[in-house]
Amino acid sequence: MNDFFEEYKDELKEYDFISKKKLEYEFNRWKAGLGKRLKLSVDEIITLHCIKEKARKNRGE
């Protein structure tokens with residue numbers, strides 16, 4: 001759990017705890033191959049997209 005916050009701390013620095021947890025939840029759903037579940041703000045959607053792109057680059061996709 002804390003690995004997510006450590007790995008993406010630059011992207012998450014502007015968000016409060018609840019928003020960070022929402023982004024973590026949606027990221028974990030994406031990693032598991034599931035669709036989106038929560039309603040996110042525009043800024044949260046953009047941040048989640050950046051986190052996904054960074055994860056893809058780290059995995060070598």
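The values are calculated or read from the model by the stated rules, or taken from the named source; none is laboratory data. Everything quoted here is computed from the prediction, not taken from an experiment. Quick reminder, even Gly has a Cβ in these numbers, built from the backbone with ideal geometry, and neighbours come from all protein chains shown. Surface areas here come from the heavy atoms of the whole protein model, side chains and all, with no ligands, DNA or RNA. Shrake-Rupley method; radii C 1.70, N 1.55, O 1.52, S 1.80 Å.
Entry remark, region 49-61: residues being loosely packed, with under 12 Cβ neighbours inside 10 Å, at pLDDT 85 or above and more than 11 Å from residue 23 (Cα to Cα) number 3 in total. Considering region 1-29, the residues that are open to solvent by 50 Å² or more (accessible area, probe 1.4 Å) and not charged (D, E, K, R) include one that is modelled with the lowest pLDDT, namely 1.
The C-beta contact set for region 38-49 (first residue touching a residue at least 12 places away in the same chain (Cβ under 8 Å), second residue aromatic (Phe, Trp, Tyr) and open to solvent by 60 Å² or more (accessible area, probe 1.4 Å), distance under 7 angstrom, 6+ apart or interchain) comprises 38/25. Residue count for region 30-48 under the criterion of being assigned to a helix (DSSP H, G or I) and either surrounded by fewer than 16 Cβ atoms within 10 Å (Cβ to Cβ) or touching an Asp or Glu at 6+ places or on another chain (Cβ under 6 Å) (or both): the result is 8.
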